[in-house]
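Heads up: the structure comes next, in structure tokens.
Where a number appears in this text, it was derived from the coordinates with a stated rule and is not lab data. This structure is a prediction, so every number in the text was calculated from the model and none was measured. Every residue, glycine as well, gets a Cβ built from its backbone with ideal geometry; the counts of neighbours run over all protein chains shown.
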Amino acid sequence: MKRTFGLIGYPLTHSFSRRFFTEKFANENLDAEYLNFEIPSIADLPGLIVANPNLEGFNITIPYKEQIIPYLDEISDAAKEIKAVNTVKIVRNGSSYSLHGYNTDIHGFQESIRPILQEHQKNGLVLGTGGASKAIVKALNNLGIETQLVSRSPKSNNEISYSSLNEQTLSHFSIIVNTSPIGTYPKVEESPEIPYAYINSNHLLFDLVYNPEVTAFLKQGIERGSTTKNGLEMLHLQALAAWDIWNK
């Protein structure tokens, strides 16, 4: 019986996960498949699980990383703390099942940024306030880095607006992480609205976007001598962590 895994989100136009796992299964001669499940509502999840009895686990992407939590039977401490889940293991018992939620984005980002951090980089701006941003904040805090969320519409004291960013802000925050989808193909000319003129070689710019490889956001950093990195290695690391969860 072919083992089945997948990705749940909406829309699913460009799926790194499906390509990554399909190649992994082929290279390792595994009788498994990874499918995209594009559902317009998280309420469709129970029906999807029943309709796919071979489904053992799945990843979750926009916009369901937070919405899925009420559907879970168990949730890891880290995922519970940040209230965002990107990996689910299905534990089946006959016709019944339970869903166990985890967050591997924390591990993926933490281990991707760790090697390029410099000693002076102790404060990070996190652009965006969606499900991915919560994992990034947790990972940076694990590394001893203070964080500040930036939002187009601040809703709490923990968030500031893009329009409030100035020279003083960017001199204090030497790490800038884009967790929003801005700049993703095909809208490659777009970038977060921050004052790039104040970015220099002391900064580290990390973009969770990986398509294109060098986003407009990263180009601004490269032009000013900053350290830059996209989200591809993070995706590799979080995917491998998800695979470990599904197989433990």
With Cα coordinates, the longest principal axis of the chain makes an angle with the long axis of helix 232-247, in degrees rounded to 10, of 30 degrees
Normalised alpha carbon radius of gyration of region 3-103 [divisor 2.2 N^0.38 Å]:
1.04
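Rank these for me by crowding, 85, 188, 137, going from fewest to most other beta carbons within 10 Å. Walk me through the numbers before you get to the answer.
Working: 85 30, 188 15, 137 24.
Arranged by neighbour count, lowest to highest, 85, 188, 137 become 188, 137, 85.
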Pairwise FRET efficiency - residue 223 versus residue 114, Cβ, R0 = 30 Å, nearest 0.05:
0.75
On Cα atoms only, tilt of 16-27 relative to the major axis of the chain in degrees:
60 degrees
Ranked list, fewest to most other Cβ atoms within 10 Å of each Cβ, for 187, 248
248, 187
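Only helical DSSP H runs with n ≥ 4 go in: add -39500 (n - 2.57) per run for the chain, normalise by residue count and round the 222 nm mean residue ellipticity to 500 deg cm²/dmol.
Mean residue ellipticity at 222 nm (helix-derived): -9000 deg cm²/dmol.
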Expressed as a percent, the portion of alpha-carbon pairs in the chain spaced more than 30 Å apart is 28 percent
Mind giving me the nanometre distance, one decimal, between the label points for residue 142 and residue 95, set 7 Å out from Cα along Cα→Cβ?
4.1 nm
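What ranking do 100, 120 get, fewest neighbouring Cβ atoms within 10 angstrom at the top?
Details: 100 18, 120 8.
By the 10 Å Cβ count, ascending, the order reads 120, 100.
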Would you calculate the separation in nanometres between label points at residue 153 and residue 41, each defined as 7 Å from the Cα along the Cα-to-beta-carbon direction?
2.2 nm
What residue among 171, 156, 15 has the largest mean-square fluctuation in a Gaussian network model of the chain, using Cα springs under 10 Å?
156
If I build a Gaussian network model for the chain, linking alpha-carbon pairs within less than 10 angstrom, which residue out of 117, 165, 30 has the largest mean-square fluctuation?
30
